[in-house]
1. Would you list, by chain and number, the aspartates and glutamates whose Cα falls below 17 Å from the Cα of Lys306, excluding same-chain residues fewer than 8 positions away?
2. Rounded, prolate or oblate, given the Cα gyration tensor of the stretch 84-240, with a/c below 1.5 counting as rounded?
3. So which lysines can Lys326 reach, going by Cα to Cα under 19 Å and dropping same-chain residues fewer than 8 places off?
4. All other residues with a Cβ under 9 Å from the Cβ of Val214 taken together, and with Lys, Arg as +1 and Asp, Glu as -1, what is their net charge?
5. Give me the one-decimal nm value for the distance between modelled label points at Gln204 and Gln384, 7 Å along each residue's Cα-to-Cβ direction.
6. Note down the nm distance, to one decimal, between modelled labels 7 Å out along Cα→Cβ at Ser51 and at Thr196.
7. Can you list the HN-Hα couplings for the stretch 443-458, worked out from phi with the Karplus curve (6.51, -1.76, 1.60; θ = phi - 60°), rounded to whole Hz and with x for Gly and Pro?
8. Would you work out the relative contact order for the stretch 7-157, in percent, from Cα pairs under 8 angstrom that are 6 or more residues apart?
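The values are calculated or read from the model by the stated rules, or taken from the named source; none is laboratory data. Everything numeric here is computed off the predicted structure, so don't read it as measured data. Methodologically, a virtual Cβ is constructed for each residue, glycine included, from the backbone with ideal geometry; neighbour enumeration extends over all protein chains shown. With ligands, DNA and RNA removed, areas are computed over all heavy atoms of the protein, side chains included. Shrake-Rupley method; radii C 1.70, N 1.55, O 1.52, S 1.80 Å.
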Amino acid sequence: MDFHCMDYRASVAQGPALSQVNADALVLVLTPEQSVTGDPALDSLIKDAVSAGDLTLKAGRTLYVHRPNGAKVTRVLLVVSGDDSAKSFKAAVLKGVAALKDLGVAHMAVAGALGLNLSCEHAHSLVLAVAEGTYVFRQTKPSAPKPVALKKVTVLCGPDELSAAKSALVRARGVAEGISLARELGNLPGNYCTPTHLANEARQIGKNFKHVKVEVLDRPALEKLKMGSFLSVTNGSAQPPKFIILRYQGASAAQAPVVLVGKGITFDTGGISLKPGAGMDEMKYDMGGAASVLGTFRAIAELQPKVNVVGLIPTCENMPSGTATKPGDVVTSMSGQTIEILNTDAEGRLILCDALTYAERFKPAVVVDIATLTGACVVALGHQHSGLFSSDDDLAQALLRAGQQAQDTAWRMPMDEEYGESLKSNFADLANVGGRDGGAITAAVFLSKFAKAYRWAHLDIAGSAWKSGAAKGGTGRPVGLLTQFILGQAEAGQDALKPQVVKAVGKTKAAPARKAAARRVA
Ligand code: BES
Ligand code: MN
Ligand code: ZN
């Protein structure tokens, strides 16, 4: 998939040079505290607009001025940001892009008022905002307005910030491309975005980037691996299931990889435990975890951090039919643990658990799974934060920090063993659902039963992967968080998050998983 190729630049311009900048439009970001630029033409314009009541110095306000007096730049857009943070700056630039994108602006320059020193974080925000604001889904709607005239964006900064801004632009551009890919895949309807389509998208990344290798396992291979839990979800579907394996090698082969596991349900009807009709179309987004893994691979393949990463994507449809799995059916997972399927709509955990067992063979440094797993997570956290579950404090902190840096935040949820009580079954080792209460947590505890052999965290992105309503569309989250996390791992070197030397308690706890592994070898 090719995206609109935007040219991002950084150059030095301050004070009186601002209004003389060589661009089609200047977006000037002010704050309620700071509305002076040091440029006489711009400053008199701002003063006049404020005293005339045309510009209020409140977050989100904008004023467009055509051919301002004394300026060389033909268009000036004043935008008021809430404060000087990178986050508010992103919102301000989004406003700017919205106001200019239907004009004949090919080259947009962006500057801050005095005191709003545009740093590398601002440059990062700028790229994310431009990519977000100019994104249009066209694959099944060719009549959608074509991407805008905008071709070039320049961040204007001080001489001390220039080199940091330049490298931030390169990095952010890679991240933005990953986000756009995840958005595009999420938005693609279920009849286009099948498991086979996701596999082909993965193969395409493998073709385009020499450090990425892709392998796709088909049904016979999954049967051979005894992925009975994953396979039970695909029983009702005419679309063949796929298990996608991506490998990015940026460090020595001996270095333990970060493993990302993404839920790839290309459509979730609920199966025999059929979902109600209202809003069911949004279950095309149930492959958001898979999309975020592909988007992250796209980003790191371009940015080439010195780290090894494996991506695992179990992908299939969840459909009702005469051959579908029924409530009460018991299946045997790859780990050897049996599962009573009390609700066929709790299918995400059923495909993830076999992928988590498969992950053991990579002897991972850490495993992070990403899934649109539970409606309960949306009830708990809304759409602001992704839900983060891990009993590993260092790993949880690293992921939370990455989310903050990337403006793609997560919120840590509890995961005490006791929540697992409700997963007891009279007919299997585990039931696939607990009660309604704490549903996001019991889902995480279910997964934890398959993730004992390594350091592990789970991201429930049910509330963050897409938006409903008039702005319905994929968000590309949490590609920003994941990419930031991986870049951070690479920068910290191979000691950052080592594979755990099995802890004293871990020893007994990991035993069932290892026994199961031994069974498989035997
Ligand atoms: N894909 C859904 C989760 C979901 C629902 C995400 C709504 C976003 C919005 C998942 O497969 C599911 O159906 N979960 C059930 C679990 C329940 C049966 C225990 C849910 O959340 O209702
Ligand atoms: Mn479901
Ligand atoms: Zn689902």
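1. Glu491, Asp495
2. Working: a/c = 3.03, a/b = 2.07, b/c = 1.46.
It comes out prolate by the Cα gyration axes.
3. Here the lysines satisfying the reach criterion relative to Lys326 are Lys275, Lys424.
4. Working: positive: Arg203, Lys207, Lys213, Arg247; negative: Glu215.
Around Val214, the surrounding residues sum to +3.
5. 3.6 nm
6. 7.0 nm
7. Along the stretch 443-458, the couplings run 4, 5, 5, 4, 4, 4, 5, 10, 10, 8, 8, 7, 6, 9, 9, 10 Hz.
8. Details: 307 pairs, mean separation 49.1, N = 151.
Result for the stretch 7-157 is 33 percent.
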